[in-house]
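Reading through the structure tokens given below for one structure.
Read-outs: derived from the displayed coordinates by stated rules, not from any lab. Predicted model only: the values in this text are computed from it and were never measured.
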Amino acid sequence: MTVKTRFAPSPTGYLHVGGARTALYSWLYAKSQGGEFVLRIEDTDIERSTQEAVDAILEGMQWMGLDWDEGPYYQTKRFDRYNEMVDKLLAEDKAYKCYASKELLDEIRAEQEANKEMARYDANHPKIVAVNQAAKDGDPCVIRFRNPKEGSVVFEDQIRGRIEISNSQLDDLIIRRTDGSPTYNFCVVVDDWDMGITHVVRGEDHINNTPRQINIYEALGAPVPTFAHCAMILGDDGAKLSKRHGAVSVMQYRDEGYLPNALNNYLVRLGWSHGDQEIFSREEMIEFFSLNAISKSASAFNTDKLLWLNNHYIKTSEPEYVAEHLQWHLDNQSINIENGPVITDVIKLVGERCNTLIELAEQSRYFYEDFSEFEAGAAKKHLRGVAKGPLELALSKVEALNDWTTENLHGVIAQVCEELEIGMGKIGMPLRVAVTGGGQSPSVDAVMQLIGQERVISRIKMALAFIAEREANA
Ligand code: GLU
């Protein structure tokens, strides 16, 4: 049997981290079994579904790299099929028409509550029986599923273990509304059946729907899939994850400078484990993933850990991969990398110092753009009269350099120290401020190498002019 899983978001908002984790688990399970992954858009709630949300979900899935083998299917395009199945159940007397008005149902519910009974639809209630007997064909009605009265529904949840619900707790679900539209729980079953879904991985908030859905599968003569209900994600304060906890849309993590591989690695560990391993390549996730190693209990989101992972991925990923995702931030910060070193070389040099791609873009800027001012604090401290001699000597040496390599630039700095009998800091720091504009950068010889000879020369001259002006004003 080929394993087939699906992710079935309702397009009422963006793809949030909870949904993204469910999608990831579902995707991973399919991949781990050599199976297929289906994307289905559950847009039957026409009032709340928007095209914008559909686009945001597709964008989020693509950014996460969760590619689908089939779909996206749209439930709104499948109404004929759902109605065909409603009619089939009606014809087999596994569903029936109910003419009770909302007012009548409200009245019965109030009665039940007053008698301290469980408020529920009861097909045998005398008032409902009376209305249904008196009704004529063509009167407005809903279609209800004839839920079994006896016994119970049992299923083996892959995460939570055996679950048993008595049928006495399940009332006859509406499967088609008065306006002719099929209802959510029914559509999901028909879809999962038609699409050949073998494993349903979804959020715990749907666990109450599962016994009802299982009864519908059975009534339709459809095979019942295996279920796995994932626990919730909490904020670091223990409350249900919400906007209040900061970024919850997957695309907001893109905007905040995370790599999708870092977010995927973070999400896979948020509620799933394989020994005490923390870092998983995509291949390892696929190889080791299993549904029964998903945790039953809720997991708390931890931004510090995500940041740590992001730094790890920036440091250790192929620079081409980092570059692909850095481009959005370079554009966002209007940094044009046409005129300067190859961006992957900058990433190799600067990447390990950065926790986010926002920082990496910021720290890439001086490789591509000249600046008109030095950072005030760094200039005050390092571009002083004492730096004039060392910078002048360094300038003459870099001007004379024929072979522009990091090694030779290292040699230039060493020679300046030797000839002037000064320590490394006395030339290293002024040079750093001169060529980068600020006081922090990777090794200054490697930085100068990438910035290039022409720019380095003009920036040292600019630093010398700054010192001269400062001295004149002193
Ligand atoms: N459309 C549902 C949701 O977005 C998911 C239903 C399911 O996975 O069965 O919560």
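The angle separating the long axis of helix 303-316 from the principal Cα axis of greatest extent in the chain is about 60 degrees.
Amide H contacts under 5 Å for Thr226: His199, Val200, restricted to partners 5 or more places along the chain or on a different chain, H placed in the peptide plane at 1.01 Å from N. Straight-line cross-link reach from Lys380 at under 19 Å between alpha-carbon atoms covers these aspartates and glutamates, not counting any fewer than eight positions away in the same chain: Glu392, Glu469, Glu471. Put simply, the C-alpha atoms of the chain give a gyration tensor, and the ellipsoid matching it has half-axes of 67, 21, 19 Å, longest first. Please determine, in degrees from 0 to 90 and to the nearest 10, the orientation of helix 357-368 with respect to the longest principal axis defined by the Cα atoms of the chain, where the helix direction is its Cα long axis. On a 0 to 90 degree scale, this one is about 30. Based on the Kirkwood approach, the hydrodynamic radius assigned to region 255-309 is 11.9 Å, with every pair of different Cα atoms included. Couplings 3J(HN,Hα) of region 262-270, computed from phi: 5, 5, 4, 4, 4, 5, 5, 7, 7 Hz, in residue order, whole Hz [Karplus 6.51 cos²θ - 1.76 cosθ + 1.60, θ = phi - 60°; x for Gly and Pro]. Note on region 87-223: Cα convex hull, mean projected area over all directions, 9.5 nm². Using the rule -39500 (n - 2.57) for each DSSP H run of four or more residues, divided by the residues of the chain, the 222 nm mean residue ellipticity is -15500 deg cm²/dmol.
As an exercise, take the mean of 1/r over every pair of distinct alpha carbons in region 1-60, invert it, and state the Kirkwood radius in angstroms.
Values: mean 1/r = 0.0834 Å⁻¹.
Evaluated on region 1-60, it is 12.0 Å.
Once the Cα atoms are used to define both axes, helix 184-194 deviates from the longest principal axis of the chain by about 80 degrees.
Amide hydrogen proximity for Trp272: with H placed 1.01 Å from N in the peptide plane, the residues at 5 or more positions away or on another chain lying under 5 Å are Ser295.
For region 133-190, the convex hull spanned by the alpha carbon atoms encloses 111 Å³ per residue.
Computed from phi, the 3J(HN,Hα) profile of region 450-463 under the Karplus parametrisation 6.51, -1.76, 1.60 (θ = phi - 60°) reads 6, 5, x, 4, 4, 5, 4, 4, 5, 6, 5, 5, 5, 5 Hz, with x in place of Gly and Pro. With θ taken as phi - 60° and the Karplus curve 6.51 cos²θ - 1.76 cosθ + 1.60 applied, the whole-hertz 3J(HN,Hα) list for region 433-443 is 5, 4, 8, 9, x, x, x, 10, 6, x, 2 Hz, x standing for glycine and proline. Residues whose amide H comes within less than 5 Å of that of Glu36, counting only those at least five positions distant or on another chain, are Val3, Lys4, Thr5 (H built at 1.01 Å from N in the peptide plane).
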